[in-house]
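Novice: Just passing along the structure, written as structure tokens.
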Amino acid sequence: MMANGQPAARPMRGFLLRAAALLLIVLFAGLGTWQVQRLQWKLALIERVESRVHSAPGAPPPPARWGQLSAASDEYRRVRLAGRYLYEFTTAVQAVSDLGSGYWLLTPLCTSEGYIVLVNRGFVPVEQGGPAHYPARSADAAHQCARSPGTPGADIVGLVRITEPRGGFLRENDPARNRWYSRDVQAIAKARGLYNVAPYFVDAAKDQDPAGAPDRPVGGLTVISFHNSHLVYAFTWYALALMVAGAWWWAARGGASREH
């Protein structure tokens, strides 16, 4: 038996199992601690967003800040915009809302400061939206915005949103066919021939359309919710660490008993 190495193999196997168990305990405990840290971050994020959406509206991020724009510092800020809508360049973006399936209507707003902001004016059902109702147009007239903003016709309160590049789940935006599945500011601006466009869009609050608007989308449907299961995940990882620690302790006691 000594020649076959079996007596030496058993202690080595036991050592490797104990080492693996210790590594698992450290790993699971570390993952649990990471989830606790993520929980604190998520709670701070929720508190920050709640304070933004209920604050008094301020000025939107100006061109000087566009390069530093981020979700952490700017998304869901409540802002006020003044300008005139370029209704003829409205883009319908496929959407599912609390009101069912339909479209968001993104309309360029030529601001009093001379730049353009895409405003999500709200939701319309399928039968009132889509490429047939809002055909693709290239905006030569919109180029006049920087030189002559014109008399403001709209005073909008809404929430800053970060652009949604590329497209929706499993569906790419198709500018050539005027089919949009996400609110991709840069792509929409390029397809419409707009320039000097803010790299964000604004979700208009309810009843923000001025008199004389060609349609009546339902605004104020921004969903503000954050998935927060970090506490459950933390408990799960800590429980796994305790289970492995318990199995390791039980095996260690059993090994000690066998030695005696």
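Derivation of every value follows stated rules applied to the coordinates shown; laboratory data play no part. Bear in mind the structure is a predicted one, so any value in this text is a computation, not a measurement. Cβ placement follows ideal geometry from the backbone for every residue including glycine, while neighbour counts extend to all protein chains displayed.
Novice: Can you tell me the FRET efficiency between residue 213 and residue 236 if r is taken as the Cβ-Cβ distance and R0 is 41 Å, rounded to the nearest 0.05?
Specialist: Taking R0 as 41 Å, the efficiency between residue 213 and residue 236 is 0.20.
Novice: Counting other Cβ atoms within 10 Å of each Cβ, which chymotrypsin sites (Phe, Trp or Tyr not before Pro) in segment 160-223 have at most 11 and sit in a DSSP loop?
Specialist: 169
Novice: What does the highest-first list of 114-123, 32-41, 78-87 look like by mean Cβ count within 10 Å?
Specialist: So the peptides 114-123, 32-41, 78-87, ranked by packing, come out 114-123, 78-87, 32-41.
Novice: A further question follows. How high is the relative contact order of segment 22-148, given as a whole-number percent (alpha carbon pairs under 8 Å, six or more residues apart)? List each step's numbers first, then the result.
Specialist: Values: 149 pairs, mean separation 22.4, N = 127.
Value for segment 22-148: 18 percent.
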